[in-house]
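Here is the structure we will look at, set down as structure tokens.
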Amino acid sequence: MILSEDSILCPTCHEIFTDPIMLPCGETICSKCTPKVYTDKIFCSFCHALHKIPENGFQNNKNLLKTLNSIVSDDKIQELRDLKKNIEADFEEVKTKLESSDAKISDYCQRVINKIDLAAELKINEINKIRDEMIKQVLEYQSTCLAKIERYKDKFDIFYTENEQSKNSFESPDPKLFEHDNYLNELKRLELIRSNIFFEKSRLHNYIFDEKEIKYESKLTSIDPDILGRISLKFKKHLKCSNLIRKSLLDPEDSEYEKSNIIVEKLNDQKLVISYFKTDIKVYNSLIYVFTNQPYKFQIFDSDLNEIESILLHNSMDCFLITDMYVLMYDSSPSKGGVLNVYDKNLNYLLSVKNNELNSFLYIPETIWEMYANENFYFFRDTENISIVSKRNGKLIKAVKLYNFYQIIKITNENLLVVFDTVDKNICFMDFDLKLKAKKFVIGFDENLKVFVNDDLNKFQILEMKKIDFYS
């Protein structure tokens, strides 16, 4: 059935019909759009007549309701099918990488051995014994990696087989799947699988190499046990201060006041954005978004700090979020409660969303502390929980406890959360249920840290806030 957009939009609220009812004049509106009256009649804004309200209320437009349910059901099934297809592609990618991992480990280690051989040729007669000992270390590491990956393959095969059983579950879907609870449960199950398999993808390279990295240091000097250099294993599971390059971002003459007010964000791999004033800064697609309190001003700059857009605001804000299409600004007050103001990317005001019964546009919790987003969901965080809301329909998917000592570093499109535990000084990887998948230990830094990570989750950088030192 081909329907125009106007045929499924309520002429009163201009949204997709919710519980459509028919007025005596033939017009259809949402039941919630019926004027509130204290008599048995309503004035119709379409035919300008008075309609008597039946004892049981106005009749539902059943044909339209069936059409809407069909559209929504088809949309939900297609969403689940697409999600399942993406998950299967991720499984295949990991499976392919696993199948070639033996050769990858061997090739990786052989390149190190070749470097050792090249250095050994210079003084081969004197250093064969040392050479053999060093190669033994590499081969032992290789053996450890191969043994570990064999055990991992068995676990992955079980994981893959368990999830492969539902491969054709959407070819002839059970009508019960269209029901909201069943659909929501299936959506949560698939999103959980998706976050788990993305975690396996992101950590596979480090895992097959036993969370270590062989480092060969050439040392061609007089004959001694280290004549060819050294074999050392760099534990990639640890982020040690001594293994990173430090760069001070401030002049030693800067005052403690200046240090306490500084804000630092990453613009890209080569540039940092540094503010010496108490501002709220976010970077998105190489643009810099800045909110200042005196006056209440919101600005957008390019990477060369040229102002692109700016607006003056009537009030302060608690936090803001940048997405591909919108700028969301959240403000709360004792009198008005929480309000989410929505702007387009040119800072043109669009609408405001409040946390009350009249809000059918987007679920927002009672309070918002921080806001994040990926391609499918909004993540609204308060002091104890994080609420996950669908971008597609604005509905709450679930709310999960996340303690306030966790600093969110990144949320991937596959719903893997990377957070920094400010108490135990660990970088934690969490799935869609916020269950811990792995940790990376942060060692040798001061107390107050800010952590950055790239899109592939394999390069971390640390900002030491007390000294304003940047480690990469």
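Just so it is clear, none of the values below were taken in a lab; they were calculated from the coordinates. No experiment lies behind these values; they were computed from the predicted model shown. Heads up, the Cβs are rebuilt from the backbone with ideal geometry, glycines too, and the neighbour counts pull from every protein chain shown.
Once the chain from Lys97 to Ile443 is taken as fully extended at 0.36 nm per residue, the excess over their C-alpha distance is 121.4 nm.
For the pair Lys466 and Lys66, a Förster radius of 60 Å applied to the C-beta separation gives a FRET efficiency near 0.40, rounded to the nearest 0.05. Based on alpha-carbon atoms, the Kirkwood radius and the radius of gyration of the range 5-60 give Rg/Rh equal to 0.94. For the range 238-471, the convex hull spanned by the alpha carbon atoms encloses 141 Å³ per residue. Kirkwood radius, the range 331-439, all distinct C-alpha pairs, inverse of mean reciprocal distance: 15.0 Å. Amide H contacts of Asn293 (H built 1.01 Å from N, in plane; Pro and chain starts excluded): no residue 5 or more places away or on another chain comes under 5 Å. Among Arg111, Arg381, a tally of other beta-carbon atoms within 10 Å of each Cβ gives an order, fewest to most, of Arg111, Arg381. Each peptide in 320-332, 432-444 gets a packing score, the mean of other Cβ atoms within 10 Å over its residues, and the list from highest to lowest is 320-332, 432-444. Were the residues from Phe43 through Asn346 laid out at 0.36 nm apart, the gain over their Cα-Cα distance would be 105.1 nm.
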